[in-house]
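Structure record follows, encoded as structure tokens.
The values are calculated or read from the model by the stated rules, or taken from the named source; none is laboratory data. Predicted model only: the values in this text are computed from it and were never measured. Glycine gets a Cβ as well: all are built from the backbone with ideal geometry, and neighbour counts include every protein chain shown.
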């Protein structure tokens, strides 16, 4: 089946640093979604991308839908302690029934 | 966005028993899904809950083990049947509104099977 390769798997940074993570696939996706999951909670939608090349911001978060439709990245600027959590990329498949495929997640840890 | 609630939020169950998880959405949605998230892992789609018809299951998941109901456009249930410790996971309800392709998740049900 279709898979998303998300990297890095984990990040340990200092408060105030910028963060970058990305997802790649051998398949094309119609939509890219980025989620954050806190312990004991469900994933919360951060940013949705609908068009190839689209660059979208949500506060300190910026995400882009790759021009080839096979990749996406998420940047977080000036990290703060509440950014700690697991970030997931997800792509909506093109063919057949549209399903959301998830990356493996990036665990972000911030040292104050 | 969509407000999604799940019941129960967590449960501890004995091997061989069954648990039914409920998902309620605050407004009508086109599509509802059930996901499983095993400890430390990503999310895996179990099935698409179809209103008024049988759910569509992904490879590796079967109706006898995970029966699903969706009686209307705002409610669905997932039953985990004949549970074993390997079923210990977070089970998540998810919804998608028809035209936006944006998908939202409930808070999850944390299941522990002893």
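Observations on the model:
- Within the range B:23-44, considering residues that are in contact (Cβ under 8 Å) with a residue 12 or more places away in the chain and within 9 Å of another protein chain (Cβ to nearest Cβ), the one surrounded by the fewest Cβ atoms within 10 Å (Cβ to Cβ): B:44
- Filtering the range B:63-101 to residues that are without any contact (Cβ under 8 Å) to a residue 24 or more places away in the chain and within 23 Å of residue A:36 (Cβ to Cβ) leaves B:100, B:101.
- Whichever residue in the range B:82-100 is in a loop (DSSP other than H, G, I, E, B) and buried (at least 16 other Cβ atoms within 10 Å of the Cβ) and, among such residues, is nearest to the other protein chains (Cβ to nearest Cβ): B:97
- Checklist (1) buried (at least 17 other Cβ atoms within 10 Å of the Cβ); (2) within 11 Å of chain B (Cβ to nearest Cβ); (3) within 16 Å of residue B:105 (Cβ to Cβ) applied to residue A:44, failing item: (1)
- Whichever residue in the range B:45-70 is closer than 19 Å to residue B:10 by Cα and not in a loop (DSSP other than H, G, I, E, B) and, among such residues, is farthest from the other protein chains (Cβ to nearest Cβ): B:68
- Any hit, the range A:104-112, residues being in contact (Cβ under 8 Å) with a residue 60 or more places away in the chain, over 14 Å from the mean Cα position of the chain (by Cα) and either surrounded by 18 or more Cβ atoms within 10 Å (Cβ to Cβ) or under 29 Å from residue B:109 (Cα atoms) (or both): yes
- Residue A:32 fulfils the conditions (1) surrounded by fewer than 14 Cβ atoms within 10 Å (Cβ to Cβ); (2) closer than 16 Å to residue A:103 by Cβ; (3) within 11 Å of another protein chain (Cβ to nearest Cβ) except for a single criterion, (1).
- Selection count, the range B:4-22, where residues are more than 12 Å from chain A (Cβ to nearest Cβ) and not in a strand (DSSP E or B): 6
- Lone qualifier among A:37, A:9 - being surrounded by 15 or more Cβ atoms within 10 Å (Cβ to Cβ) and closer than 30 Å to residue B:48 by Cα: A:37
- Residue selection: residue A:72 satisfies the criterion of being at pLDDT 95 or above and farther than 30 Å from residue B:11 by Cα.
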